[in-house]
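A short write-up of the structure that comes next.
The values are calculated or read from the model by the stated rules, or taken from the named source; none is laboratory data. Quantities reported herein were computed from a predicted structural model and do not represent experimental measurements. Don't worry about glycine lacking a Cβ; one is built from the backbone with ideal geometry, like all the others, and counts go over all protein chains shown. Quick note on the areas: whole protein, heavy atoms, side chains included, nothing else; ligands and nucleic acids left out. Shrake-Rupley method; radii C 1.70, N 1.55, O 1.52, S 1.80 Å.
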Amino acid sequence: MKKEYLKIDKVIGPLIEISEVDDVFYGEVVDIIDIDTGSIKKGKVIKIEEKNVIIQVFQNTAGLAAGNSIIKFTGESFNLPMSLDLQGRIFNGVGEPIDNGSAIFSAIEANINGRPINPMSREYPRNFIQTGISSIDTLATLIRGQKLPIFSGNGLPHNELAAQIVKQAQLGENTGEVFGVVFAAIGVKHDDEKFFRKSFSEANIMDHVVMFVNYADDPIAERITTPRCALTAAEYLAFEKNMHVLVVMTDMTSYCEALREISSAREEVPSRKGYPGYMYSDLAALYERAGMLRDRKGSITFLPILTMPNDDITHPIPDLTGYITEGQIVLGRDLFQRSIYPPVAVLPSLSRLMKDGIGEGFTREDHADVTNQLFASYSKVQEVRTLSQIIGEEDLSQTDKKYMAFGRAFEAEFLNQGFDESRNIIESLDLGWRLLSLLPLTELDRLSPENIKKYFSQES
Amino acid sequence: MVMSKINKEIGIISAINGPVIKGKNMSSFKMREMVTVGEKQLIGEVIVLEGDIGTVQVYEETEGLKTGEVIIPTGRPLSLKLGPGLLKNMFDGIQRPLKKIQEISPVYIPEGIGLLSIDDKKLWDTTITAKLGDVLAEGNIFGLVQETEVIQNRLMVPPNISGTVVEVVTNGLYTIEAVLVKIQDEKKEFHELKMAQEWPVRTPRPNAYRRETLVPLVTGQRVIDIFFPIAKGGTAAIPGGFGTGKTMTQHQLAKWSDADIIVYIGCGERGNEMTEVIEEFPKLLDPQSGKSIMERTVLIANTSNMPVAAREASIYTGVTIAEYYRDMGYAVALMADSTSRWAEALREISGRLEEMPAEEGYPAYLPSRIAEFYERAGSVETLGGGEGSITIIGAVSPAGGDFSEPVTENTKRFVNVFLALDKNLAYARHYPAINWLESYSGYIKILSDWYEDNVAEDCIELRNKMLELLYEENKLLEMVMLVGEDVLPDDQRWILEIAKIIKVGYLQQNAYNKEDTYVPLEKQYAMLKSIEYLYEKGREGLKLGIPTSQLKDLDIFNQFIKMKYTIPNDDLSGIDRLKDDIDRFYDKLLKKYVDLEGNNEKRIFKN
């Protein structure tokens, strides 16, 4: 029988400290029972110092007082019951149902912290996922089992883009494979959550979606567990039930802010901009849970969304994320302001895994050439634009004028596409060739002669 | 009596904070001693001792630990078992083979699996070279084992041991723990020599003396070999923001460097990158031996989601293994990707110890730790009298891509080659995205003799000339950004044209192209020489007043851009043909102009 404690020594933000505690373990889950109302809050032991214990409380600590609560150590780690019945359900950040449905009962329980995957057990991801979006499919190809974040800014249409990907993504070409979506909302507005729920039901996939929701006005400590619960569910569906799972998570910035808030309450030594020094390891422990395994059929493809504070890609949150994830899709404000949807800023966007998932046998043999050439040419467009701002477009050389035309067409026709428009990869590549033909052949140094012969036709 | 002594030596956990725990009753523990922690026997290392309170960093997940559980000393520092079986293998940060871990737990890495190391059951075909009565000193070789198809493991007398051979076994199959040779030292004490020896990771292995580094590490990468060469036994850093291709460059170096042994440390990086290495390396053939490059490779993988304390140790594990092969007389190249993750592990643990932070939260001892690590590189005369070297190439991941942050700044102080990766080059898909303006190599001078003797008399001269051209181009481009290219005089526009060939045709190298991924020095030189030839030919034309637009023949320029693909590595005759094309084109053009001028002169004469 575990002891119960009645005295709270200190409450700082989401943390409480109690003393004279015996026989607890690091990471143990505690129930904090309100004596007056009988309501239960959950918490977790995050530091033990002699007989003093610091507990991180997942719900709001408002109302807690030194004498009105019973602290009960449960003797367990933070586990969630796992079952196929998770699908179609909505939970809060600690895995409790909030859709008026019944609780999940299952003999299988999983620790939400997971364990690192042995690199020997991984399978290197190679299968192309067609999202139907030209800029992503062609230039930053999504691969099954990849972790590819969307770096966005406040007010940019990242939610629309994520919803479009969920709707259009063909997670596998072979029939007989089972798909699932795990959606985690971390500190999001009620509107955003509603938008996603609506687009899931419009796409008719609500039965295959597991949702974990922590609203912006929910306690911040719960933001720490929300992604962990979601990834635990994803791991179960992918690696135990052989499903191909797409995890969409928004907004990772709220997660990092919560991490900073708790770190500051713990009086830890801060690193850049006050974020804790272990933020890289902490984020990696989340992102690295995506992937494929050698002896399991399923996969976890991870599409986290983060809003870059002040659109700054060098801010610690996008910076550390970019070092962990396998590329990034960056949204640009200037494209958005010119009404280009999706406003994918091509040059900083990247998919690290695409090199092995494109080309002959996957997409088409000219894919890598087209990608490289579009990147190189569009990068040149930026230089020419800078020059034209100084000397005026009239005074540009003939070649540079062609670059200006190419740049405009590329943005208007290639990047720009409808929210309901899905282009297959062949259409996207052909479109790429058509736009490249606006440039003189001599400028196209990334295309092989064979591909030029086969696909290039100069428009007069 | 013995019992009470043992009881006294067991510590009791009193505090737990992530990977850092504190124990009481630890006055008999030693600093840097390896310990096991708790019922699960997690592996840890003592990092602070204060009275009878000890602080331990734990190399495994600490969730589930309780205060009151025991801390048991092992009596030795964190050490590696060095012997055959390291090559072709992949370890975590404290040398536990990931394959063995997989046998215990198929998918995830569990905690409490204890210390594992290289296979002690495997029988190795051993040749004993020492004979009865031989006098063996430290570092002397007493036997040989063919560890892989290309590497022979030379069994060495461990440091600090010497004596006369009094017992030897016959040649045959033995495990790494079998006693092969017994020697008796001057004090008449006996020492048993086994295939494997142990060495503490944080202590550099001794050598006779340091030699000068006079030979380059040939990597087959043009921008490195020709422009910013790394010496064997030297140090290099590759800093770059995310997406600039650090890992890609490190992989290329691991694949194609002409070192005997490669030690690749994946320190706090992505799991899939290590999986890629495991899948890809066995299929690639080493241009020197013609055998799979895995035959000469040791992999250390402590990915970003694996425990942070083991990440801190992984760097030392890697460099100790490198020293072991260096001591056999091999040229070892060590790639650490990324040293920033190691520095962050230091920061994380320092933070948990509540140490006073210096810049950006990093501990004040960061520079000295970085220096200690890079100083373990070097070309040495081994204790056994051979020649060995360790080249260290560390990737650096600067926060925000800003090279003025503490890890990059401090690394710069202790390395001789700086290969700065550039975000803008990466955006334009110019790979390797090594910025030629910011990068440097401190080895040009000492390697120039080697290049003159082994590549070409004028190799370094040519390199300097072409690099100058690139510097010149940079200045001109700034001008172009203001006024446009059209207003530049022809000789400057010609520089821009040639610089473009150098950039696209020479500095860019395609890692996915069979011909281009590795290029022998001979072709590297010939390519650059032919570009110089084109440059000089054009300048002859400029002197005659021929405009750049006419000097630029599209067909020839195209051939230059594509020559890395079209000219095979083993047949450079295409470059001569290209020179012939240049001669034909320019001779004709020049002749036309000379005639024209001649006619003009005649006309003037007539008038």
Partner chain coverage, peptide B:12-18 - average Cβ within 10 angstrom: 5
With every protein chain in place, region B:30-132: carbon and sulfur % of accessible area (1.4 Å): 53 percent
Projected-area average for region B:60-111 over all orientations - Cα convex hull basis, square nanometres: 5.2 nm²
Rounded to 5, the percent of DSSP beta bridges in chain B classed as antiparallel: 70 percent
Pairs of Lys in region B:104-235 closer than 30 Å at Cα, counting only those 8 or more apart or on different chains: 11
Degrees separating the helix A:190-202 axis from the principal Cα axis of chain A, which is the longest one: 60 degrees
Solvent-accessible area per residue, Å², over region B:456-525 with all protein chains present [probe radius 1.4 Å]: 45 Å²
Protection proxy ranking, peptides B:31-39, B:54-62, B:308-316, average beta carbon neighbours within 10 Å, highest first: B:308-316, B:54-62, B:31-39
Between B and A, accessible area buried - total, square angstrom, nearest 100, 1.4 angstrom probe: 6700 Å²
Quotient of C-alpha Rg and 2.2 N^0.38 Å, computed over chain B: 1.16
Partner lysines for B:Lys475 [C-alpha distance under 19 Å; skip if fewer than 8 residues away on the same chain]: A:Lys380, B:Lys465, B:Lys500, B:Lys503
³J(HN,Hα) computed for each position of region A:149-157 - Karplus, 6.51 cos²θ - 1.76 cosθ + 1.60, integer Hz, glycine/proline x: x, 9, 8, 10, x, 4, x, 7, x
Carbon plus sulfur fraction of accessible area for chain A, probe 1.4 Å, in percent: 48 percent
Chain B - mean residue ellipticity at 222 nm from DSSP helices (-39,500 (n - 2.57) per run, n ≥ 4, rounded to 500): -11000 deg cm²/dmol
Whole-Hz couplings from phi, Karplus 6.51/-1.76/1.60, listed for region B:38-55; x for Gly and Pro: x, 5, 6, 6, 5, 8, x, 9, 6, 10, 9, 10, 9, x, 9, 9, x, 10
Per DSSP, loop trypsin sites (Lys or Arg not before Pro) in region B:502-607 with at most 12 further Cβ within 10 Å: B:Lys514
Span from the region A:107-167 Cα centroid across to the region A:15-48 one, whole angstrom: 36 Å
Dimensionless Rg/Rh of region B:298-372 - Kirkwood Rh, Rg from C-alpha atoms: 1.03
Estimated vicinal HN-Hα couplings, Hz - region B:19-35 in sequence order (Karplus 6.51, -1.76, 1.60; Gly, Pro = x): x, 10, 10, 10, x, 9, 6, 10, 4, 8, 6, 9, 4, 6, 7, 7, 9
Filter on A:Lys10/B:Lys66; A:Lys355/B:Lys99; A:Lys454/B:Lys591 - keep pairs with C-alpha separation over 29 Å: A:Lys454/B:Lys591
Region A:228-302-region B:371-446 distance, computed between alpha-carbon centres (Å): 32 Å
Kirkwood Rh and Cα Rg combined as Rg over Rh, evaluated for the protein assembly as shown: 1.00
Low-density loop cleavage sites - GluC sites (Glu not before Pro) in region A:147-248, where at most 11 other Cβ are within 10 Å (DSSP): A:Glu173
Non-local Lys pairs in region A:134-266, i.e. 8 or more apart or on different chains, that have alpha carbons under 23 Å apart: 7
Rg [Å, one decimal], Dmax [Å, integer] - chain A, C-alpha atoms: 24.9, 85
Leading residue at positive end of dipole, the protein assembly as shown (Cβ point charges), from B:Val201, B:Tyr512, B:Val135: B:Val135
Beta bridges per DSSP with both ends in the protein assembly as shown, % antiparallel, nearest 5: 65 percent
Nearby lysines by direct alpha-carbon distance to B:Lys592 (threshold 25 angstrom, same-chain neighbours under 8 apart not counted): B:Lys537, B:Lys543, B:Lys552, B:Lys579, B:Lys602, B:Lys606
Proximal aspartates and glutamates to A:Lys47, defined as alpha-carbon separation beneath 15 angstrom and excluding residues fewer than eight positions away on the same chain: A:Asp9, A:Glu17, A:Glu20, A:Asp22, A:Asp23, A:Glu28, A:Glu267, A:Glu268, B:Glu61, B:Glu63, B:Glu354
Inter-chain shielding of A:314-320 (mean C-beta neighbours from other protein chains, 10 Å cut-off): 4
Check: region B:113-187 dipole with +1 on Lys, Arg Cβ and -1 on Asp, Glu Cβ, in debye: 100 debye
Exercise: per-residue mean of other protein chain Cβ atoms within 10 Å, B:305-312: 4
Solvent-accessible heavy-atom area per residue, rounded to whole Å², over region A:261-414 at 1.4 Å: 34 Å²
Chain-alone versus full-assembly comparison, region B:104-152, residues with accessible loss of at least 40 Å² (1.4 Å probe): B:Val107, B:Tyr108, B:Ile109
Loop GluC sites (Glu not before Pro), region A:382-457 (other Cβ atoms within 10 Å of the site Cβ: 15 or fewer; DSSP): A:Glu421
